[in-house]
Amino acid sequence: MTLPTIRTLLLSSVASMFLLLILDVWIKKEEMFESFAAQFVNAERTEQIAADRQAVRQTAERRVEVPANGIETVSLAVERGNIAVRRSDGASIMLQATVTAAGADAETAGRRLDQVQVAERVENGVLTFRSTHEDMASGREAVTIDYALSVPDGVAVRVELDRGNVDVSGVRSDVETKTGRGVADIVGVTGDVTATVSEGELYVAGIEGSVTLSNRNGTATVEDVTGDVALDAYASSTYVSRIDGAVEGTVAQGAAQVRDVSGPLALTGRVANLRLGGLRGDADISAEYGKLRLYMTEPEGYALQATVDGGVIRTRLPIAIKSDSERPHLSRMNGVVGDGTWKITIDAAATDVILHANDEGERQ
């Protein structure tokens, strides 16, 4: 076999192998796209099957009325749904549950609807409402229940909901709520409010009493409170304003804005962004590994004592910032703004402290 012939054969073999490689890549590419498209087809089929299983819906109401004699607290704890709480005109406690059941046909929906029962139990002055239905395994997601609770004056309310919305309005008694993913509004309550929110939205306003707030990975607003506010916030956003009483608490790994407080303030921030303003009382503020902005706006003025270790103090106030010769990372700022009516103490570590003489920046 001559050299040209061998060369021709080698070139032909290489070309054949290259063509086979291209063909293999193309086939695998087609299989990849078919597999990718099949995921969407399967998802659409799954959604269609789920919709067919809940094609028929039926609704009914369950109502329970209990005399309030001897009852100090009413409790309602559910996993899913919506809860509304109102003031009762009479002397009884009433729970109305609107039940909606879904199924592939009327028989299945009707069976699930009939299985839902609302029961009550009274023990040690606590009235507890509970809803149950037998078909929990196969029909749990196909049954939704919305609750309307009416309570007379003086009967405390305790509500717990994991997924859904809570609406409490006009109640004249103490209120305690624990809510998760959803929106909770607590408005116009005459009494003390204790609210815990986890990964949800909370709005508390118009409270004639005190507020105790626990905020975990949520967003909470508390405003227009005649009493004190206690705050415990973690990895969350919290807004507090127009408080007639004292404000105290801790903010960790999140952000908080507190303004228009008529009583004393005691706040601790840990890896937090704090914005404070409109303080009309003494304030004791500690912060570490974060940022603190303070807007000193009141005409009565402030007596300021700030110590920052490992951070900086920024301000336009005509007060000298002094450093420590033995501790170069330590800064102090002591002075009086206006008449010095309110005493402001700041103790910060690894935190930038920004002090403003007006609130123009805060309102931007």
Just to be sure I understand the filter: pairs with C-beta atoms under 8 Å, separated by 6 or more residues or on different chains, first member in the range 244-268 and within 18 Å of residue 341 (Cβ to Cβ), second member aromatic (Phe, Trp, Tyr) and surrounded by 18 or more Cβ atoms within 10 Å (Cβ to Cβ). Which pairs pass? 259/295
What is the residue count in the range 289-332 for residues that are within 12 Å of residue 346 (Cβ to Cβ), among the charged types (D, E, K, R) and touching a Gly at 6+ places or on another chain (Cβ under 9 Å)? 1
Just name the residue that is nearest to residue 132 (Cα to Cα) out of those in the range 144-185 that are buried (at least 22 other Cβ atoms within 10 Å of the Cβ) and small (Gly, Ala, Ser). 164
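Within 23 Å of the chain's Cα centre (by Cα) and at positive phi: is that true of residue 249 in this structure?
Details: within 23 Å of the chain's Cα centre (by Cα): yes; at positive phi: yes.
So residue 249 passes the test.
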Whether any residue in the range 275-292 is modelled with pLDDT of 95 or more, touching a Ser or Thr at 6+ places or on another chain (Cβ under 9 Å), of a type in the set (Phe, Trp, Tyr) and under 15 Å from residue 220 (Cβ atoms) is what I want to check. no
I need the full set of residues from the range 324-359 which are surrounded by 13 or more Cβ atoms within 10 Å (Cβ to Cβ) and of a type in the set (S, T, N, Q), in order please. 331, 334, 341, 345, 351
Qualifying residue in the range 128-135 (condition: surrounded by fewer than 20 Cβ atoms within 10 Å (Cβ to Cβ), under 28 Å from the mean Cα position of the chain (by Cα), without any contact (Cβ under 8 Å) to a residue 60 or more places away in the chain and farther than 26 Å from residue 198 by Cβ): no
Kindly indicate which of 262, 323 is modelled with pLDDT under 95 and among the hydroxyl-bearing types (Ser, Thr, Tyr). 323
Can you find a residue that is touching a Phe, Trp or Tyr at 6+ places or on another chain (Cβ under 8 Å), of a type in the set (D, E, K, R), farther than 22 Å from residue 188 by Cβ and modelled with pLDDT under 95 anywhere in the range 112-121? yes
Of (1) closer than 24 Å to residue 334 by Cα; (2) surrounded by 18 or more Cβ atoms within 10 Å (Cβ to Cβ); (3) modelled with pLDDT of 95 or more, residue 297 satisfies every one except (3)
Read through the list (1) free of Cβ contacts under 8 Å to residues at least 40 places away in the same chain; (2) crowded, with 17+ Cβ neighbours inside 10 Å, then give the number of the only condition that residue 188 fails. (2)
Counting only residues in the range 178-232 that are hydrophobic (A, V, I, L, M, F, W, C) and over 24 Å from residue 268 (Cβ atoms), the one farthest from the chain's Cα centre (by Cα) is identified as 189
When the range 231-243 is checked residue by residue, the ones that are surrounded by 17 or more Cβ atoms within 10 Å (Cβ to Cβ) and over 21 Å from residue 182 (Cα atoms) are 241, 243
Among the strands (runs of 3 or more DSSP E) lying completely within the range 153-242, list those that include at least 1 residues that are modelled with pLDDT under 95. 156-169, 175-181
So the strands (runs of 3 or more DSSP E) completely within the range 254-324 holding 2 or more residues that are among the β-branched types (Val, Ile, Thr) and under 17 Å from residue 230 (Cβ atoms) are 255-261
For the range 314-323, state whether one or more residues are charged (D, E, K, R), surrounded by fewer than 16 Cβ atoms within 10 Å (Cβ to Cβ) and within 30 Å of residue 206 (Cβ to Cβ). no
Flag if residue 86 is in contact with a strand residue (DSSP E or B) (Cβ under 8 Å, 6 or more places away or on another chain), part of a strand (DSSP E or B), closer than 21 Å to residue 173 by Cα and of a type in the set (Lys, Arg): yes
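The values are calculated or read from the model by the stated rules, or taken from the named source; none is laboratory data. Everything numeric in this text was worked out from a predicted model, so none of it was measured. Here the Cβ is made from the backbone with ideal geometry for all residues, glycine too, and neighbour counts use every protein chain on show.
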